[in-house]
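Engineer: Here you go, one structure.
The values are calculated or read from the model by the stated rules, or taken from the named source; none is laboratory data. Everything numeric in this text was worked out from a predicted model, so none of it was measured. Ideal geometry is used to build each Cβ from the backbone, glycine not excepted, and the neighbour counts take in all protein chains shown.
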Amino acid sequence: MKRFDSVVTWAKLVKRDVYAVWLAARDPRTPLIAKYLALAVAAYAVSPIDLIPDFIPVFGYLDDLIIIPLGLLLVIRLMPQDLMLEFRQKADQQELRPVSVMAAVVIISLWIMCLAFVVYVSFWRK
């Protein structure tokens, strides 16, 4: 049971950091490279649609377990520590969490382009 508690705690911290990174992406004090990376990570994390759908065995959860935490770590390393601490404190105080519709549109567009490419290669390229 102790292991489950640590996993739940880790998940809550990741969720908080996603929101803190989203705040960082919108703040003018954030360094430019960190801002763009923070925007990409936060948009992907709060997108209602995953790049790899969760129903695909094993690979469906890789983005949730690997890509997002690694992106967060990189953004956190690029941020000044005092600024990241401020964003984490704001994230702890907020109840409302963002949802990225734009990230969902981008991911759906990528899937449509992949599908169109497969159809093109399968049928019209003979």
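Engineer: Would segment 31-42 turn up any residue that is in contact with a helix residue (DSSP H, G or I) (Cβ under 6 Å, 6 or more places away or on another chain), in a helix (DSSP H, G or I) and without any contact (Cβ under 8 Å) to a residue 12 or more places away in the chain?
Structural biologist: The answer is yes, given that some residue of segment 31-42 is in contact with a helix residue (DSSP H, G or I) (Cβ under 6 Å, 6 or more places away or on another chain), in a helix (DSSP H, G or I) and without any contact (Cβ under 8 Å) to a residue 12 or more places away in the chain.
Engineer: Also, quick follow-up: Is one or more of the residues making up segment 30-45 over 22 Å from ILE107 (Cβ atoms), at pLDDT 90 or above, crowded, with 16+ Cβ neighbours inside 10 Å and in contact with a Lys or Arg (Cβ under 8 Å, 6 or more places away or on another chain)? Quick ask: steps written out before the conclusion?
Structural biologist: Taking segment 30-45 as the starting set, the residues that turn out to be over 22 Å from ILE107 (Cβ atoms) are 30-34.
Add one more test, that the residue is at pLDDT 90 or above, and what stays is 30-34.
Retained after the next criterion (residues that are crowded, with 16+ Cβ neighbours inside 10 Å): 30, 34.
Narrowing the set further to residues that are in contact with a Lys or Arg (Cβ under 8 Å, 6 or more places away or on another chain) leaves none.
The answer is no, given that none of the residues of segment 30-45 is over 22 Å from ILE107 (Cβ atoms), at pLDDT 90 or above, crowded, with 16+ Cβ neighbours inside 10 Å and in contact with a Lys or Arg (Cβ under 8 Å, 6 or more places away or on another chain).
Engineer: So which of LEU78, LEU72 is in contact with an Asp or Glu (Cβ under 8 Å, 6 or more places away or on another chain), at pLDDT 80 or above and of a type outside the set (Asp, Glu)? Break it down into steps so the answer makes sense when it comes.
Structural biologist: Values: LEU78 fails: in contact with an Asp or Glu (Cβ under 8 Å, 6 or more places away or on another chain).
Selected residue: LEU72, the only one of LEU78, LEU72 that is in contact with an Asp or Glu (Cβ under 8 Å, 6 or more places away or on another chain), at pLDDT 80 or above and of a type outside the set (Asp, Glu).
Engineer: Let me ask you something else. Out of LEU78, LEU70, LEU62, I need the residue that is over 20 Å from LEU110 (Cα atoms), among the hydrophobic types (A, V, I, L, M, F, W, C) and free of Cβ contacts under 8 Å to residues at least 40 places away in the same chain. Which one?
Structural biologist: Details: LEU78 fails: free of Cβ contacts under 8 Å to residues at least 40 places away in the same chain; LEU62 fails: over 20 Å from LEU110 (Cα atoms).
Being over 20 Å from LEU110 (Cα atoms), among the hydrophobic types (A, V, I, L, M, F, W, C) and free of Cβ contacts under 8 Å to residues at least 40 places away in the same chain holds for just one of LEU78, LEU70, LEU62, which is LEU70.
Engineer: Now for a different question. Among what's in segment 62-78 and is surrounded by 15 or more Cβ atoms within 10 Å (Cβ to Cβ) and of a type outside the set (A, V, I, L, M, F, W, C), pick the residue that is nearest to ALA24 (Cα to Cα).
Structural biologist: GLY71
Engineer: Also, I was wondering about something else. Could you check segment 43-80 and list, in sequence order, the residues that are within 15 Å of MET102 (Cα to Cα), in a helix (DSSP H, G or I) and among the β-branched types (Val, Ile, Thr)?
Structural biologist: Of the residues in segment 43-80, the ones within 15 Å of MET102 (Cα to Cα) are 43-51.
Those left that are additionally in a helix (DSSP H, G or I): 43-46.
Result: VAL46, single match.
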